[in-house]
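Enquirer: Dropping a structure here in structure tokens format, bear with me for questions.
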Amino acid sequence: MAWVSSARKRSPWLLHYETGGCNGCAIEFVAALTPLYDLERFGMLNTGNPKHADILVVTGCVNARSGRVLRNLYEQMSEPKVVVAVGVCACTGGIFHDGYNLAPGADKVVPVDLYLPNCAARPEAIIDALLTAADLLAETRRRDQHAHQRAPDQQG
Ligand code: SF4
């Protein structure tokens with residue numbers, strides 16, 4: 001049904017995980033959810049449950065411990081899913097990139113679809129990245145649906 005696809009396109013649920021930075025980007029993400037920026041006006045909802053989430057928002061530097069948690073959260077999310085690295089720490093490790101206990105970027109632990117390399121990432125930029133993530137999610141769903149519909153023909 002077209003209206004269901006249309007509604008789902010703009011109503012992805014978000015899971016935020018702060019892997020261990022200065023918390024600057026994490027605070028800006030929370031600011032994006034406040035009435036001032038009102039991320040929810042786009043139909044997005046922040047959830048604490050990876051099984052309910054469509055978009056994983058990663059902030060901070062990934063270290064050995066947080067990397068294991070990040071991977072675990074990612075694996076609990078159902079397909080299709082999109083990962084957004086918010087802030088230069090999540091993108092590359094930032095100023096901590098050569099730290100002895102850090103992975104230089106979240107993409108060393110989970111596949112990252114979108115990078116927002118600011119320090120700190122402003123709420124407006126986070127909202128823009130999440131709208132792009134929602135488009136990417138909708139496109140992936142459409143492609144999966146198309147492939148699923150074509151599968152019986154290919155079998156015959
Ligand atoms: S990118 Fe900057 S603001 Fe964001 S967590 Fe790293 S140091 Fe903090």
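Each value in this text was obtained by applying a stated rule to the coordinates, not by laboratory testing. In this text the structure is predicted, and so the values were computed from the model without any measurement. Every residue, glycine among them, receives a Cβ derived from its backbone with ideal geometry; neighbour counts consider all protein chains shown.
Enquirer: To the nearest 0.05, how large is the calculated FRET efficiency for HIS148 and ILE95 if R₀ is 35 Å and r is the Cβ-Cβ distance? Show your work: numbers first, answer last.
Expert: Numbers: r = 45 Å, r/R0 = 1.28.
Calculated value: 0.20.
Enquirer: Using alpha carbon coordinates only, what is the Rg to Rh ratio of the chain, with Rh defined as the Kirkwood radius? Present the calculation step by step, with values, prior to reporting the outcome.
Expert: On the way: Rg = 16.4 Å, Rh = 16.0 Å.
Ratio value, two decimals: 1.02.
Enquirer: Taking neighbour Cβ counts within 10 Å as the exposure measure, how do SER66, SER11 sort from fewest upward?
Expert: Working: SER66 21, SER11 14.
Taking fewest neighbouring Cβ atoms as first place, the list is SER11, SER66.
Enquirer: Could you tell me what percent of the DSSP beta bridges with both partners in the chain are antiparallel, to the nearest 5? Kindly include the intermediate steps, with their values, before the conclusion.
Expert: Working: 2 of 17 bridges.
Looking only at bridges with both residues in the chain, the antiparallel portion is about 10 percent.
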